[in-house]
Amino acid sequence: MKLFVTDQDGVEHELEGLEGWRAMEVIRDWGLNIKAECGGACSCATCHVYVEDEWIDKLKGPTEEEEDMLDTVGDVQENSRLSCQILMSDELDGLKLTLAQSARADEAA
Ligand code: FES
């Protein structure tokens, strides 16, 4: 399955996703600029991404925990999600995400 990720420089990457993997893990393993400091425990918000409009309703809604973490980042938007909380599945084949500046591995969030 495909996962399209636009990085912080505006470059789009086509990644190969795997069923059951977190979007964050796919992005990290492809070497894109994502900090994902807590490794997927929903306690850092450094895996912050923006979801392309057409995909928002296809994702399961955020938990309260995820919403609380998103509230801690300065560049949060309506379509913000934590990519470690997005599980890849067939329905999400072709998902489009954009990495937030606050997810950069080379900068403090
Ligand atoms: S990796 Fe820490 S909240 Fe997603």
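Going Cα to Cα from LYS60, which lysines come in below 18 Å? Please leave out same-chain ones fewer than 8 positions away. In chain and number order, the partners are LYS96.
Beta bridges assigned by DSSP with both partners in the chain are antiparallel in approximately 75 percent of cases. Rounded to two decimals, the Cα radius of gyration of region 1-57 over 2.2 N^0.38 Å is 1.10.
Judged by the mean number of other Cβ atoms found within 10 Å, the most tightly packed of the peptides 37-46, 12-21 leads the ranking 37-46, 12-21. Just so you know, the Rg over Rh for the chain is 0.91, from Cα atoms, with Rh as the Kirkwood radius.
For the chain, what does the relative contact order come out to in percent, with C-alpha contacts under 8 Å and a separation of six or more?
Numbers: 225 pairs, mean separation 43.7, N = 109.
Contact order relative to length: 40 percent.
Calculated mean residue ellipticity at 222 nm for the chain: -3500 deg cm²/dmol, from DSSP H runs with n ≥ 4 weighted as -39500 (n - 2.57), summed, divided by the residue count and rounded to 500. Over the C-alpha atoms of region 70-109, the Rg to Rh ratio, Rh being the Kirkwood estimate, stands at 1.00.
A short reminder: the numbers here are calculations on the coordinates, not readings from a lab. The structure displayed is predicted, hence computed values, not measured ones. Note that each Cβ is placed from the backbone with ideal geometry, even for glycine, and that neighbours are counted across all protein chains shown.
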